[in-house]
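What follows is calculated from the coordinates using simple rules that are stated; it is not laboratory data. What you see is a predicted model, and the numbers here were worked out from it, not measured in a lab. Cβ placement follows ideal geometry from the backbone for every residue including glycine, while neighbour counts extend to all protein chains displayed.
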Amino acid sequence: MLPFANISIIGLGLIGSSIAHAVRESMPSARITGFDADPAVRARVIELGFCDDVSDSAGAAVTDAGLVMLCVPVGVIADVAAELAVDLPDDAIISDVGSSKEIVLAALTDALPGARIIPAHPVAGTEHSGPDAGFATLFHERWCILTPPEDAAKADIEQVKAFWEKLGANVEIMGAKHHDLVLAVTSHLPHLIAYTIVGTASDLEDVTRSEVIKYSAGGFRDFTRIAASDPTMWRDVFLSNKEAVLEMLQRFSEDLTALQRAIRWDKGDELFDLFSKTRAIRRRIIEEGQDDAAPDFGRTHD
Ligand SMILES: NC(=O)C1=CN([C@@H]2O[C@H](COP(=O)(O)OP(=O)(O)OC[C@H]3O[C@@H](n4cnc5c(N)ncnc54)[C@H](O)[C@@H]3O)[C@@H](O)[C@H]2O)C=CC1
Ligand SMILES: O=C(O)C(=O)Cc1ccc(O)cc1
């Protein structure tokens, strides 16, 4: 049985379009209605044909929905929820794919009192954005974390879980606050480090830009991929998960200072011990078959 017969997707970029492609593949009889605030995106989605209907307002897109999936940057979720509030059917489940969850849960609860809210975060993506970037297999064997409010109906959680499993994801359920702490270290901090390191390299006066490009082997190249991620989306992630990101950044700077000291004072044993520990972590990830599901260094989709 289909988890949902009518699915509305608000925001038709990388994640929204990937969900649409994946629904088309795994639930071909489900009807997909889309909306995006950008008219150029709407026009492109009509050309690409991955929605059955493209509406010209968020409200019009949700009137028949069983599931509404908000696939917009976290910073506009509250506005979008307010925009569609009067048109949201009483029995629809509203969900999202935002990378930080505590703020999303608060925004949806405020804007849509009494609604059936089951936030989600597929821990899968790429550095690309827009409706051309989506693909049906994005969620295969990747984690999708649901962060339902404490009073959510079990049946609603199960229905959204079944939906993501149909798209090929493995589903985990956790509290929004815990999600934000975990993702701060596994995804948000790595992105922040990538943005920093690529920025630092491009600022160096005695290394020309062409040398940075020419010799960007291995590690640095992986960082440039991450640092090419969407600026709007990542600005919103850092501002919406401020507390956890700052906490992890504090720990990271302390560890960096310790490493700095070890290099300065020739503490080879300390460096060797740390690098052995980190190598063991990587090997465990590979052994457990999680290298593709790990968030998310070095993963490319071309
Ligand atoms: N990019 C990634 O790898 C991942 C992103 N996410 C989350 O998914 C969400 C969407 O990200 P992407 O698809 O990558 O971004 P994207 O930039 O590819 O798509 C976002 C779309 O939302 C539209 N939009 C912006 N404001 C809107 C509004 N007020 N009403 C309707 N549409 C609006 C934009 O025009 C754009 O087409 C974000 O919340 C992000 O945190 C989650 C997992 C992975
Ligand atoms: O492209 C990568 O390596 C990513 O890390 C993709 C990604 C970006 C944001 C998320 O919330 C989850 C996954």
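Worth pointing out:
- Taking label points 7 Å from Cα along the Cα-to-Cβ direction, residue 52 and residue 285 give a separation of 4.0 nm.
- The long axis of helix 14-26 is offset from the longest Cα principal axis of the chain by roughly 60 degrees.
- For segment 145-215, the ratio of Cα radius of gyration to the globular rule of thumb 2.2 N^0.38 Å stands at 1.82.
- Using the Karplus relation 6.51 cos²θ - 1.76 cosθ + 1.60 with θ = phi - 60°, the per-residue 3J(HN,Hα) values for segment 123-132 come to 8, 7, x, 9, 7, 8, 9, x, x, 7 Hz, with x marking Gly and Pro.
- Stretch gain in nm, segment residue 174-residue 85, where the contour uses 0.36 nm per residue and the Cα spacing is subtracted: 29.4 nm
- Prolate is the label for the chain, because the ratio a/c of its alpha-carbon gyration tensor axes (a ≥ b ≥ c) is 1.5 or higher and a/b is greater than b/c.
- In order along segment 183-188, phi translates into HN-Hα couplings of 6, 4, 8, 8, 9, 6 Hz, rounded to whole numbers, per the Karplus curve 6.51 cos²θ - 1.76 cosθ + 1.60 with θ = phi - 60° and x for Gly and Pro.
- Principal-axis tilt of helix 39-48 within the chain, Cα atoms, nearest 10 degrees: 80 degrees
- Amide hydrogen neighbours beyond the local backbone of residue 168, cut-off 5 Å, H modeled: none
- 17 Å Cα cut-off, lysine pairs counted over the chain (separation 8 or more, or different chains): 5
- DSSP loop GluC sites (Glu not before Pro) with at most 11 other Cβ within 10 Å excluded, longest remaining stretch of the chain: 1-149
- On the beta carbon distance between residue 215 and residue 258, with R0 = 22 Å, the FRET formula returns roughly 0.15.
- In segment 6-174, inverting the average of 1/r over every pair of distinct C-alpha atoms gives 15.5 Å as the Kirkwood radius.
- The amide H of residue 6, built 1.01 Å from its N in the peptide plane, has 31, 66, 67 as neighbours under 5 Å, considering only residues 5 or more places off or on other chains.
- Rounded to the nearest 10 degrees, the angle from helix 102-111 to the longest Cα principal axis of the chain is 20 degrees.
- Point-charge dipole on Cβ atoms (K/R +1, D/E -1) for the chain, about Cα centre, debye to 20: 780 debye
- From phi via Karplus (6.51, -1.76, 1.60), per-residue ³J(HN,Hα) for segment 267-281 in Hz, x at Gly/Pro: 8, x, 4, 5, 5, 4, 4, 4, 5, 5, 5, 6, 5, 5, 5
- Cα-projected label distance for residue 140 with residue 64, points at 7 Å along beta-carbon direction, nm: 3.1 nm
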